[in-house]
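Written out below as structure tokens is the structure these notes cover.
The values are calculated or read from the model by the stated rules, or taken from the named source; none is laboratory data. From a predicted model like this one, the values you see are computed outputs, not experimental measurements. We place every Cβ from the backbone using ideal geometry, glycine too, and count neighbours over all the protein chains shown.
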Amino acid sequence: MANLKSDKADITKLYKELVIKHASNPYNFGSLKSDAVRSTGINPLCGDKLEIYISTHNDTIKKIRFEGVGCAISIASASMLTEILKDTSISEAKKIAWSFISELSSNRELSENDFIKNNKELSILCAVKDFPTRIKCVNLSWQTFLSAFDDDIKITSTE
């Protein structure tokens, strides 16, 4: 029992360190030129607002950037998303995004998804499940990314 409690504390510590790392110096922050696919996401409850820019070539994400304002968790999640999905095919990137969103809404402690299990940062970010009110902050960038490829969605909202 003590090990489980210790493991949980270690994950929480890693989670906080990961969020601080990405929020204080986010990767791929900024816009792309006008020919990029663009999507807007908002979380009205806490005021997060993100813009995601995606530049593709031959069905592969060549550049992906974001800008916006939000809580540390929201910015950190967007930063991780841009690093993880860069240089992947659009179909694989969508699959990863859907899997991650699904993982955050599951009650499982450990992921059954190989990609998430094998990606240290995503595995650690899943610790947000211990803070249910913050899951929307993490999900915002992933939902916004997916909406960039849906012609019917102009603005994504967590509500």
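If you check D59, D87, D150 for being at negative phi and either touching a Cys at 6+ places or on another chain (Cβ under 9 Å) or surrounded by fewer than 18 Cβ atoms within 10 Å (Cβ to Cβ) (or both), only one passes: D150. In this structure, does F149 turn out to be under 19 Å from K49 (Cα atoms) and touching a residue at least 24 places away in the same chain (Cβ under 8 Å)? Taking the combined requirement at face value, the residue satisfies it. Of all residues in region 62-78, those satisfying the criterion of being of a type outside the set (D, E), buried (at least 16 other Cβ atoms within 10 Å of the Cβ) and in contact with a strand residue (DSSP E or B) (Cβ under 7 Å, 6 or more places away or on another chain) are K63, I64, R65, F66, G68, G70, C71, S74, A78. Can you say whether N119 is under 25 Å from G30 (Cβ atoms) and either of a type in the set (D, E) or modelled with pLDDT under 85 (or both), as far as the supplied structure shows? Yes; evaluated as a whole, the condition is true for this residue. Filtering region 101-159 to residues that are more than 13 Å from the chain's Cα centre (by Cα), assigned to a helix (DSSP H, G or I) and among the charged types (D, E, K, R) leaves D114, K117, K120, K129, D130.
Of all residues in region 128-152, those satisfying the criterion of being more than 18 Å from T56 (Cβ to Cβ), of a type outside the set (S, T, N, Q) and at pLDDT below 90 are V128, K129, D130, F131, P132, R134, D152. Scanning region 16-39 for residues that are of a type in the set (S, T, N, Q) and not in a loop (DSSP other than H, G, I, E, B) yields S24, S39. For region 135-146, the criterion of being free of Cβ contacts under 8 Å to residues at least 24 places away in the same chain and out of contact with any His (no Cβ under 6 Å at 6 or more places or on another chain) is satisfied by no residue at all. Considering (1) buried (at least 19 other Cβ atoms within 10 Å of the Cβ); (2) touching a residue at least 24 places away in the same chain (Cβ under 8 Å), the lone condition that I96 does not fulfil carries the number (2).
Any residue in region 82-93 that is over 19 Å from H22 (Cα atoms), touching a residue at least 24 places away in the same chain (Cβ under 8 Å) and assigned to a loop (DSSP other than H, G, I, E, B)? Yes, the conditions are met somewhere in region 82-93. Residues that are in contact with a helix residue (DSSP H, G or I) (Cβ under 6 Å, 6 or more places away or on another chain) and without any contact (Cβ under 8 Å) to a residue 40 or more places away in the chain within region 99-114 comprise E103, L104, S111, N113, listed in sequence order.
Is it true that some residue in region 26-41 is touching a residue at least 60 places away in the same chain (Cβ under 8 Å) and buried (at least 18 other Cβ atoms within 10 Å of the Cβ)? Among the residues of region 26-41, at least one is touching a residue at least 60 places away in the same chain (Cβ under 8 Å) and buried (at least 18 other Cβ atoms within 10 Å of the Cβ), which makes the answer yes.
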